[in-house]
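A.B. asks: A single structure is presented below for examination.
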Amino acid sequence: MTSTLASSRRLRLGTRQSPLAMAQANETRSRLCAAHGWTVDDVELVPVLAGGDRIQDRALADIGGKALWTRELDQWLAEGRIDAAVHSMKDVETLRPDSLTIAAILPRADKADVLLGASSIAELPQNATVGTSAPRRAAQLLSHRPDCRVVTFRGNVATRQRKLAEGEVDATFLAAAGLDRLGESGIGTRLDPQEWLPAPAQAAIGIECHRDADEVRGWLSAIDHAPSHDEVMAERALLAALGGSCHSAVACLTRHDGNLLVLRAAIFSPDGSEKIEGETRFSSSDEDAPLALGRSLLARASAELRATFDGTA
């Protein structure tokens, strides 16, 4: 059924300016137009330069964490400059303003990481230098390969590929979903997410708007993919139970088994020497199961590992 925007305005979607963020915003616009019979002119993309894009030489955990990806878009929503914001859900803080709601999650893409520079983790050179700014990737790597050395490594896909080619590191990681969305899916080695657990909410695009913006919420609900939404909310509930910061190493994978969700998660010490893992099966309406899993992981962890989860996600 076709719905019509008021002739005096367009739906304004806020997005970061990076190539990947723009690709995600364009996918969101395409899905909205297909769902409502709109033209591309009915949906305006409003780019903002986020703090995380401006600062590329330091780890996010040291300069403000995930808020660096959302702060400017939150402000523009508050000021009424945009109607909704498009996010990579893995970059969205667990605790969000009460005035906002995640109105839609698009169909989730490939959740896997891709390794660049070697054919597998086992095939990395002895004492390899591996670039990543993600505590999850660093700790999981060191859990498999404690001989490796991890160095901070940020930037978009092209920047990371250039740094790798110039020999700054022996290997690095990228998200398969990001590569697919940029049309670069043929590079690197895909790591099986059953063996190399992804980040919570990895490969999910979310659209956030004001909780009381009923018309906008209605438009966005038409492109909400319920199975992906259920997965993302479960993984964010896990994070809420863990109460971690951007220094905390958390990995998880959710899959559907009939009418149930199966959530497998692990937390790591920063050096990868300690790994606590667990799994739970639950219905999508059961909001307590992911919380219980998070509490169970912490209860079985050492005091040193628990100390890395004393911040706010």
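The values are calculated or read from the model by the stated rules, or taken from the named source; none is laboratory data. Small disclaimer: the values here were computed from a predicted structure and weren't measured. Using ideal geometry, Cβ is built from the backbone for each residue, glycine included, and neighbour counts are taken over all protein chains shown.
A.B. asks: Based on what the data block shows, is Gly218 surrounded by fewer than 18 Cβ atoms within 10 Å (Cβ to Cβ), of a type in the set (Gly, Ala, Ser) and part of a loop (DSSP other than H, G, I, E, B)?
C.D. replies: Against the criterion (surrounded by fewer than 18 Cβ atoms within 10 Å (Cβ to Cβ), of a type in the set (Gly, Ala, Ser) and part of a loop (DSSP other than H, G, I, E, B)), Gly218 does not qualify.
A.B. asks: If you go through the range 147-204 one residue at a time, how many are more than 21 Å from Gly272 (Cα to Cα), in contact with a Phe, Trp or Tyr (Cβ under 8 Å, 6 or more places away or on another chain) and not in a loop (DSSP other than H, G, I, E, B)?
C.D. replies: Qualifying residue count, the range 147-204: 2.
A.B. asks: Any residue at all in the range 36-53 that is surrounded by 14 or more Cβ atoms within 10 Å (Cβ to Cβ), at pLDDT below 90 and either of a type in the set (A, V, I, L, M, F, W, C) or touching a Cys at 6+ places or on another chain (Cβ under 7 Å) (or both)?
C.D. replies: yes
A.B. asks: Here are some residues: Leu298, Leu263. Which one is at pLDDT 95 or above, more than 21 Å from the chain's Cα centre (by Cα) and not in a loop (DSSP other than H, G, I, E, B)?
C.D. replies: Going through Leu298, Leu263 in turn, the sole match is Leu298.
A.B. asks: What strands (runs of 3 or more DSSP E) completely inside the range 73-138 contain at least 2 residues that are in contact with a Leu (Cβ under 6 Å, 6 or more places away or on another chain) and surrounded by 18 or more Cβ atoms within 10 Å (Cβ to Cβ)?
C.D. replies: Ranges flagged: 84-88, 100-105, 113-116.
A.B. asks: In the range 103-154, which residues are without any contact (Cβ under 8 Å) to a residue 60 or more places away in the chain and either aliphatic (A, V, I, L, M) or within 30 Å of Arg31 (Cα to Cα) (or both)?
C.D. replies: Hits for the range 103-154 are Ala122, Leu124, Ala128, Val130, Val150, Val151.
A.B. asks: I'd like to know if the range 252-260 contains one or more residues that are surrounded by fewer than 17 Cβ atoms within 10 Å (Cβ to Cβ), touching a Leu at 6+ places or on another chain (Cβ under 8 Å) and not aromatic (Phe, Trp, Tyr).
C.D. replies: Looking for residues that are surrounded by fewer than 17 Cβ atoms within 10 Å (Cβ to Cβ), touching a Leu at 6+ places or on another chain (Cβ under 8 Å) and not aromatic (Phe, Trp, Tyr), one finds at least one in the range 252-260, hence yes.
A.B. asks: From Arg255, Arg211, grab the single residue that is over 21 Å from Glu27 (Cβ atoms), outside the structural domain of Met89 (by TED's automatic domain parsing) and among the basic types (Lys, Arg).
C.D. replies: Arg255
A.B. asks: Could you please find all residues in the range 221-233 being surrounded by 24 or more Cβ atoms within 10 Å (Cβ to Cβ) and not in a helix (DSSP H, G or I)?
C.D. replies: Scanning the range 221-233 gives no hits.
A.B. asks: Step by step: first the residues of the range 62-72, then only those that are at pLDDT 50 or above and either part of a loop (DSSP other than H, G, I, E, B) or of a type in the set (Gly, Ala, Ser) (or both), then the one that is surrounded by the most Cβ atoms within 10 Å (Cβ to Cβ). Which residue is that?
C.D. replies: The extreme case among them is Lys66.
A.B. asks: With the condition kept exactly as written, say whether any residue in the range 270-283 is surrounded by 15 or more Cβ atoms within 10 Å (Cβ to Cβ), within 17 Å of Thr94 (Cα to Cα) and touching an Asp or Glu at 6+ places or on another chain (Cβ under 8 Å).
C.D. replies: no
A.B. asks: Specify which of the listed residues (Arg160, Arg149, Arg236, Arg181) is buried (at least 18 other Cβ atoms within 10 Å of the Cβ) and within 30 Å of Leu297 (Cα to Cα).
C.D. replies: Answer to the check: Arg236.
A.B. asks: Among what's in the range 266-295 and is assigned to a strand (DSSP E or B) and not hydrophobic (A, V, I, L, M, F, W, C), pick the residue that is nearest to Ala226 (Cα to Cα).
C.D. replies: Ser283
A.B. asks: Write out, first by first residue and then by second, each pair whose Cβ atoms fall under 7 Å of each other, whose residues are 6+ apart or on separate chains, and whose first residue, in the range 28-39, is on the phi > 0 side of the Ramachandran plot while the second is among the acidic types (Asp, Glu) and assigned to a loop (DSSP other than H, G, I, E, B).
C.D. replies: Note: no pairs meet the criteria.
A.B. asks: Now for a different question. Of the numbered conditions (1) over 30 Å from Pro125 (Cβ atoms); (2) in contact with a Leu (Cβ under 6 Å, 6 or more places away or on another chain), Ala204 satisfies every one except a single condition; which is it?
C.D. replies: The failed condition is (2).
A.B. asks: Could you list, ordered by first residue, the pairs with Cβ atoms under 7 Å in which the first is in the range 221-235 and in the same structural domain as Gly206 (by TED's automatic domain parsing) and the second is part of a helix (DSSP H, G or I) and modelled with pLDDT under 95, at least 6 apart or interchain?
C.D. replies: none
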